[in-house]
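Peer 1: Got a structure for you, questions after.
The values are calculated or read from the model by the stated rules, or taken from the named source; none is laboratory data. All figures in this text were calculated on a predicted structure; none of them were measured in a lab. As a convention, Cβ positions derive from the backbone with ideal geometry for all residues, glycine included, and neighbour counts pool all protein chains shown. These accessible areas exclude ligands, DNA and RNA; they are computed on the full protein's heavy atoms, side chains included. Shrake-Rupley method; radii C 1.70, N 1.55, O 1.52, S 1.80 Å.
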Amino acid sequence: MSKSINVKHKMRGRPATGKTPITGVRLADEIGEALDKFAEQEVDAPTRSEAIRRILREWLSANGYLPK
């Protein structure tokens, strides 16, 4: 009597880890350097992506585009 074995096939591509859409932007060198300086001064040293999110969220809230 032979037993059948269930084989799990690998999925192609990279796994989706985020829930929000990705928005890619090109940044001038001086902006990237400024973002890195900003992140270094933060207590938790965020990634560049998180630094961009924080700066945008703060600016958008301060200018009435997002609720405070």
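Peer 1: Residue by residue through segment 1-35, note down the ones that are over 19 Å from R48 (Cβ atoms) and modelled with pLDDT of 85 or more.
Peer 2: The answer is none; no residue qualifies.
Peer 1: Sticking with this structure for a sec: Please indicate, with yes or no, whether at least one residue in segment 54-66 is part of a loop (DSSP other than H, G, I, E, B), modelled with pLDDT of 95 or more, at negative phi and of a type in the set (V, I, T).
Peer 2: Looking through segment 54-66, none of the residues is part of a loop (DSSP other than H, G, I, E, B), modelled with pLDDT of 95 or more, at negative phi and of a type in the set (V, I, T).
Peer 1: Name the residues in segment 39-53 that are part of a helix (DSSP H, G or I) and closer than 16 Å to V25 by Cβ, would you?
Peer 2: R48, S49, E50, A51, I52, R53
Peer 1: Write out, first by first residue and then by second, each pair whose Cβ atoms fall under 9 Å of each other, whose residues are 6+ apart or on separate chains, and whose first residue, in segment 36-61, is among the β-branched types (V, I, T) while the second is part of a helix (DSSP H, G or I).
Peer 2: T47/A39; I52/L35; I55/L35; I55/F38
Peer 1: Scan segment 10-31 and give yes if some residue there is touching a Lys or Arg at 6+ places or on another chain (Cβ under 9 Å) and in a helix (DSSP H, G or I), otherwise no.
Peer 2: no
Peer 1: Quickly run through segment 34-68 and pick out the residues that are touching a Pro at 6+ places or on another chain (Cβ under 9 Å) and more than 22 Å from I22 (Cβ to Cβ).
Peer 2: Matches in segment 34-68: S61 only.
Peer 1: Yes or no: A39 of a type outside the set (F, W, Y), open to solvent by less than 100 Å² (accessible area, probe 1.4 Å) and touching a Ser or Thr at 6+ places or on another chain (Cβ under 9 Å)?
Peer 2: yes
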